[in-house]
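Any read-out appearing in this document is the output of simple, stated calculations on the displayed coordinates, not a laboratory observation. Small disclaimer: the values here were computed from a predicted structure and weren't measured. Glycine also receives a Cβ, built like all others from the backbone with ideal geometry; neighbour counts cover every protein chain displayed.
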Ligand SMILES: Nc1nc2c(ncn2[C@@H]2O[C@H](COP(=O)(O)OP(=O)(O)O)[C@@H](O)[C@H]2O)c(=O)[nH]1
Ligand SMILES: [Mg+2]
């Protein structure tokens, strides 16, 4: 295990058509990290398929700050962006957060510290854990609670909030799990967490302060359909694996 101050962290910011907010968010994030974050850090802006000025702004930010870099992919999908950036990373810990900084940054050190000390393998922000302070539309609140309840009913999982855009994992864990994650869009997070539990890894949850940003890239209906299909796929894969394992034991 590395002494704490030698640990490096790469924070990926997935962006799709975010020209309005990108510059302000990256500046706020870098200021925060510079002043309050004890580990070595870098920020990667992971852009897919944006059709506005996002890429140009990202490149300008990277030119201005040596700790900021840009990854560009032609195909859409937040999961795809995270997977590509994390697999290319040489940092000890890889993380991501949504560009709107809906999660208050004071939760970032508590997110990373359990990984840096070796206590946990994966760390996630949670809006549904006791102690979280959440401001969001009732519609998103209800959908989020129902979705997480459905996951519990299907998998009896331990984590409380699959979809908070605020997560970190050891790079070694990312390399082990990502090749098994099929979804490249929004279900990516849930699939990754279910796999982590299946592999017996320890997931640490941090209650966050969350203020919803109403400017959303999410189409609620199609994302809900994608999520339910994903849950059923993972469940039937598990059932098949369970059957194969039982057969192999006999
Ligand atoms: N790289 C990449 N990022 C995306 C894509 N779609 C959404 N994002 C980013 O994912 C983050 C969360 O999106 P957002 O619209 O805030 O989701 P919401 O908070 O759940 O409504 C933001 O940083 C978006 O820019 C995509 O296709 N590719
Ligand atoms: Mg958002």
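Tally the DSSP beta bridges in the chain and give the antiparallel ones as a percent, rounded to 5. Counting only bridges with both partners in the chain, antiparallel ones make up about 25 percent. The gain in end-to-end length when the residue 49 to residue 199 segment is fully stretched comes to 50.7 nm, 0.36 nm per residue minus the alpha carbon separation.
If the stretch 71-171 were replaced by its equivalent ellipsoid, with semi-axes equal to the square roots of 5 times the Cα gyration tensor eigenvalues, what would those be, largest first, whole Å?
23, 18, 15
How far is helix 138-155 tilted off the main Cα axis of the chain, in degrees rounded to 10, range 0 to 90? So the inclination is approximately 40 degrees.
Could you state the angle between the C-alpha long axis of helix 220-249 and the longest principal axis of the C-alpha atoms of the chain, as a value from 0 to 90 degrees rounded to the nearest 10? With both axes taken from Cα atoms, the answer is about 50 degrees. For the chain, averaging the sequence separation of C-alpha pairs within contact (under 8 Å, six or more residues apart) and dividing by the residue count gives a relative contact order of 22 percent. Largest GNM mean-square fluctuation across 12, 43, 173, computed for the chain with C-alpha springs under 10 Å, falls on 173. Simple spin-label estimate for residue 2 and residue 19 gives 3.7 nm between the two label positions (7 Å along the Cα-to-Cβ direction from each Cα). Over the chain, the alpha carbon radius of gyration divided by the compact-protein estimate 2.2 N^0.38 Å works out to 1.00. In plain terms, the chain from residue 228 to residue 142 could stretch by 29.4 nm, reckoned as 0.36 nm per residue minus the Cα-Cα distance.
Between the Cα long axis of helix 54-64 and the first principal axis of the chain there is an angle of about 60°, rounded to the nearest 10.
Please report the antiparallel percentage of the DSSP beta bridges confined to the stretch 110-250, to the nearest 5.
If I count the DSSP bridges inside the stretch 110-250, around 25 percent turn out antiparallel.
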